[in-house]
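Reading through the structure tokens given below for one structure.
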Amino acid sequence: MRPLQVTALLAFTFGCDPRAPREGAPRAEANLGASASPSPSSDKPSFEKPRAHAFPADRCGDCHGMLHAEWKTSAHARARHAPLYVAMRDRSKSPVCEVCHAPLAGLTDPAARAVDEGVTCEACHAIRDVGQDAAEPRYTFDLEGNRKFGPYCDAKDNYFHKVGCAPAFRDARVCGGCHAFSMPLADGKSLPIITEFTEWRASSFAVSGTACQECHMPAEVTHAATGTERKVRVAHHGFMGEKGELVRKALGIVASAADHAGKIAVSVVLKNEGAGHAVPSGVAGRQVAVRVQALDDKGQTQAREERTLGRVLVDEAGREVPFYLARAEKSDDRIAPGEARTFAFELDAPQSGSLVIEVVWRSASPALSEALGVPAEERSMGKIEIPFGGKRSGKGREHLPKTVVVRP
């Protein structure tokens, strides 16, 4: 019997849009052998061939404990149950999003525990190959042979599973299958929703051969599994760098403060020095916020301002909406690889104290968060403190001007 082969177009050009034509959905082509369909003259029951088995992540963790622990902290592990995703999936009333958020659902028993784990171990390590079309990478899965694929072509089969060589695991295309996503519009055009793979292809990172994995899965020399004799370069499976620090490595920050006619003039320059895609990346609606506060010596706020950048999608009335309701892009002021963005503030702070300048990644804009009824997640991308003196007639403030540079 030939192995189960499922080829899915995951960088699909239809989205979680209830109006998307179903004939455009990914096709699953499974070689399951001939099922014994009864003829009209047969009185014997027939049964479909059972689907291939997928192991849950904790079973993989029995031998790959370190990798399992890293994966549990990742967005891949939360792919099917993250509150924002669940809200968008349920409101869109379309199962299409599950192709990437629960890829095993079409490959094995939908009730299997591994299916509910989202982008789990088997979802990636059952990928035998990735198609050559860089714009729309296609995955070929093989679950039936209990062969786990990876980038090592000299690994040996073991008592629990066979080992397959898949060099595509070192190629950015293996990420591009899900990290490139567009939605069709009524006029026949398509609206890009998730764009980081496309952005990477246009960046200097792609030109230099720096694949997604080199940043998102930094390798260390260690044992790939319990009991293995030799050490190899094993990729980190948290997908945001070690200890999730990749979000802090994307942007360089230069903050300057000076007295300006009794007020404090603040300039914040953000430069995308560490990412091979625009910042913020991911689904449209994510934001980077720049917050500046002037605190007094007791820590009380004297003044506060905030600026944001991101990509905004709107409906026919020009209102910011979740992507499945969007019909156009209103704006995109994200920071492309190598580019910079400058923010200017002017704060009235009579008393001495300190400026607190923080750059924050936000999972959704306030408008989207309110529409979906889900609080946005925030992570700090960098923080700077600059002391300043109180207002002085005819003189500048003590400690100013001052510039602080934070490298990614």
Query - Volume in Å³ per residue [convex hull over Cα atoms, computed for segment 297-351] - result: 156
Requested in this report: Report P(r) for segment 207-321: all Cα-Cα distances, bin width 10 Å, range 0 to the bin holding the largest distance, values in whole percent.
Outcome: 10, 26, 25, 22, 12, 5, 1
Report task. With the Cα gyration tensor of segment 258-305 in hand, convert its eigenvalues to equivalent ellipsoid semi-axes via √(5λ) and list them largest first in whole Å. Result -> 30, 14, 9
Query raised in the report: What do you get when you divide the Cα radius of gyration of segment 231-385 by 2.2 N^0.38 Å, with N the number of residues?
Result: 1.19
Query raised in the report: Going by accessible area, probe 1.4 Å, with all protein chains left in place, what is the ranking of CYS97, CYS63, largest first?
Result: CYS63, CYS97
Report task. Determine the order of THR308, THR226, THR120 by accessible area, beginning with the largest, at a probe radius of 1.4 Å. Result -> THR226, THR308, THR120
Query raised in the report: What 222 nm value per residue comes from the helices of the chain, counting each DSSP H run with n ≥ 4 as -39,500 (n - 2.57) and dividing by all residues, nearest 500 deg cm²/dmol?
Result: -3500 deg cm²/dmol
Requested in this report: Taking just the C-alpha trace of segment 214-254, give me its Rg and Dmax in Å.
Outcome: 13.3, 48
Report task. Mind putting a number on the dipole of the chain about its Cα centre? Charges go on the C-beta only, +1 for Lys and Arg and -1 for Asp and Glu, and I need it in Debye to the nearest 20. Result -> 420
Report task. Whenever you get a sec, compute what percent of the accessible area on segment 305-408 sits on carbon and sulfur atoms (1.4 Å probe). Result -> 47
Report summary line: Using the Cα gyration tensor of segment 303-408, the equivalent ellipsoid's semi-axes, largest first and to the nearest Å, work out to 36, 16, 14
Query raised in the report: Along the principal axes of its C-alpha atoms, what lengths does segment 57-148 span, in descending order and rounded to whole Å?
Result: 39, 32, 25
Query raised in the report: Accessible surface of HIS53 in the full protein assembly, 1.4 angstrom probe, to the nearest 10 Å²?
Result: 110
Query raised in the report: Are there trypsin sites (Lys or Arg not before Pro) in segment 86-137 that DSSP puts in a loop and that have at most 14 other Cβ atoms within 10 Å, and which ones?
Result: LYS93
Report summary line: the chain accessible area per residue, 1.4 Å probe, protein heavy atoms, integer Å², reads 51
Report summary line: P(r) over all Cα-Cα pairs of segment 334-378, 10 Å bins from 0 to the longest distance, whole percent per bin, short to long, reads 18, 29, 35, 17, 0
Query raised in the report: Given the chain, what percent of its DSSP beta bridges are antiparallel, to the nearest 5?
Result: 95
Report summary line: For the table LYS156/LYS231; LYS271/LYS330; LYS72/LYS383; LYS298/LYS395; LYS271/LYS383; LYS72/LYS156, the rows whose alpha-carbon distance is greater than 18 Å are LYS271/LYS330; LYS72/LYS383; LYS298/LYS395; LYS72/LYS156
Report summary line: Note on segment 152-217: alpha-carbon gyration tensor, axes a ≥ b ≥ c; rule is a/c under 1.5 for rounded, else prolate if a/b larger than b/c, else oblate; result oblate
Query raised in the report: Between ALA219 and GLU245, what is the spin-label point distance in nm, taking each point 7 Å from the Cα along the Cα→C-beta axis?
Result: 2.0
Report summary line: The value for the chain (convex hull of the alpha-carbon atoms, volume per residue, Å³) is 178
Report task. Using only the Cα atoms, work out Rg/Rh for segment 133-270, with Rh taken as the Kirkwood radius, to two decimals. Result -> 1.14
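The values are calculated or read from the model by the stated rules, or taken from the named source; none is laboratory data. For clarity, every value in this text was computed on a predicted model and none was experimentally measured. As a convention, Cβ positions derive from the backbone with ideal geometry for all residues, glycine included, and neighbour counts pool all protein chains shown. What goes into the accessible areas is simple: the full protein's heavy atoms, side chains included, and nothing from ligands, DNA or RNA. Shrake-Rupley method; radii C 1.70, N 1.55, O 1.52, S 1.80 Å.
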